[in-house]
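Report on one structure; see the data block that follows.
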Amino acid sequence: LTGVLDDCLCDIESIDDFNTFKIFPKIQKLQERDYFRYYKVNLKRPCPFWADDGHCSIKDCHVEPCPESKIPVGIKAGSSNKYSKAANNSKELEDCEQANKLGAVNSTLSNQSKEAFIDWARYDDSQDHFCELDDERSPDAQYVDLLLNPERYTGYKGPSAWRVWNSIYEENCFKPRSVYRPLNPLAPSRGESFYTWLEGLCLEKRVFYKLISGLHASINLHLCANYLLEETWGKPRWGPNVKEFTRRFDPIETKGEGPRRLKNLYFLYLIELRALSKVAPYFERSVVDLYTGNGHEDAESKALLLDIFRDTKSFHMHFDEKSMFAGDKKGAKSLKEEFRLHFKNISRIMDCVGCDKCRLWGKLQTQGLGTALKILFSEKEIQSLPENSPSKGFQLTRQEIVALINAFGR
């Protein structure tokens, strides 16, 4: 890919250089630190939009069993969920069993980590939250070590996976039903009317569509880059699958669709980069601490984070969000609210993902993007933050911070 991205004055080569040499090495280091590697997630919330079907919308694609001694009582996974319908044939059953094995989430945690979480929760509770995330207090919410559960191909595919993305595009991208969207990379391309329609939208709605498309491209890329290449003697070998990448992104195989998807991924990167540069003042205050209980490590984590913020501010081709929601006050306010509700709906659709590992990373990256949007819509509140006390006007929970950094890292 080369050239300028639509809707912003930025070219792809500049983003590549900036990311490769400045951002990526530091963000990778940051993601390995304790504060950023544990994410609390509820993988048991029922899908609010449709009943699970028997084929790999499976609740049983569940937490990998660990030795009894290692499983904390509060995190024990229920294994009572069997298939809601018998699989239609043995091939489907095999696919499901394979997906179960590959999609399992490793929930082992050391005692030390468990004690640290109690401390973190206490510290978080003492902060003045801007918003309470419903998941956090649920007995089903559990901490997951993101380093032990990398995002990769899990065998989760077919109608169930397709339906999740289809609902996101068809119902949540401000799109009239009459405009056909070639979702499936192998579908015959009847998509030009779609792009004519997209160009005719206001900037905000175009931006929304591009962010969702960028998120989709990002997740597909991670699966192609970390694919199950072979499993010999029970030892899986993971690595890049060029054939799969070509199938999803090559201009010829996708009838010109692939490069558009990749451009939207760059657009997503720019939006999250902009959010990081905007939220810097929030973290620069002494009252904000990346608290894990280990003072030395916390100070190092914060220094590294502030260093990344300095880099993000030095980037000279940021997306200019001032052009968003800049119309008449009433219209802008209702559009912003519509934006928020559409996005909230997408985060609820992530509870319909059948494979736990895919659901974990889908939820995390959606929350990260949601946090980026919250930051971009809160510029005035961030600028007027008090130096030495928590603010009622703008607040980030630990969950939002972890999601933001890990989503940007992806």
How many residues does the stretch 326-353 hold that are in a loop (DSSP other than H, G, I, E, B) and modelled with pLDDT under 85? 3
Pairing a residue in the stretch 110-121 that is closer than 15 Å to D145 by Cα with any residue that is small (G, A, S) and in a helix (DSSP H, G or I), where Cβ atoms lie under 9 Å and the two sit 6 or more apart in sequence or on different chains, gives K114/G74
Filter the stretch 107-129 for residues that are of a type in the set (S, T, N, Q), modelled with pLDDT of 70 or more and surrounded by fewer than 16 Cβ atoms within 10 Å (Cβ to Cβ) and give the result. T108, S110, N111, Q112
Number of the exception - K302 against (1) open to solvent by less than 70 Å² (accessible area, probe 1.4 Å); (2) more than 26 Å from the chain's Cα centre (by Cα): (2)
Would you check if K344 is farther than 30 Å from N388 by Cβ, open to solvent by 60 Å² or more (accessible area, probe 1.4 Å) and within 22 Å of the chain's Cα centre (by Cα)? yes
Residue pairs within 8 Å by beta carbon, gap of at least six or interchain, first lying in the stretch 192-204 and touching a residue at least 60 places away in the same chain (Cβ under 8 Å) and of a type outside the set (V, I, T), second open to solvent by less than 70 Å² (accessible area, probe 1.4 Å) and not in a helix (DSSP H, G or I), listed first then second, are L203/D7; L203/M324; E204/M324; E204/F325
Please specify each residue of the stretch 281-320 satisfying the condition of being closer than 25 Å to L268 by Cα and outside any helix (DSSP H, G or I). F315, H316, M317, H318, F319, D320
Residues of the stretch 312-326 classified as more than 19 Å from K374 (Cα to Cα) and surrounded by fewer than 13 Cβ atoms within 10 Å (Cβ to Cβ), total: 2
In the stretch 267-284, is there at least one residue being among the aromatic types (F, W, Y) and out of contact with any Ser or Thr (no Cβ under 9 Å at 6 or more places or on another chain)? yes
Do you know which residues across the stretch 246-261 are outside any loop (DSSP other than H, G, I, E, B), surrounded by fewer than 18 Cβ atoms within 10 Å (Cβ to Cβ) and touching a residue at least 12 places away in the same chain (Cβ under 8 Å)? R247, P259
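The values are calculated or read from the model by the stated rules, or taken from the named source; none is laboratory data. Note that the structure is a prediction, hence the values are computed from the model and not measured. All Cβ positions, even for glycine, are placed from backbone atoms using ideal geometry, and neighbour counts span all protein chains on display. All accessible areas refer to the heavy atoms of the entire protein, side chains included, with ligands and DNA or RNA removed. Shrake-Rupley method; radii C 1.70, N 1.55, O 1.52, S 1.80 Å.
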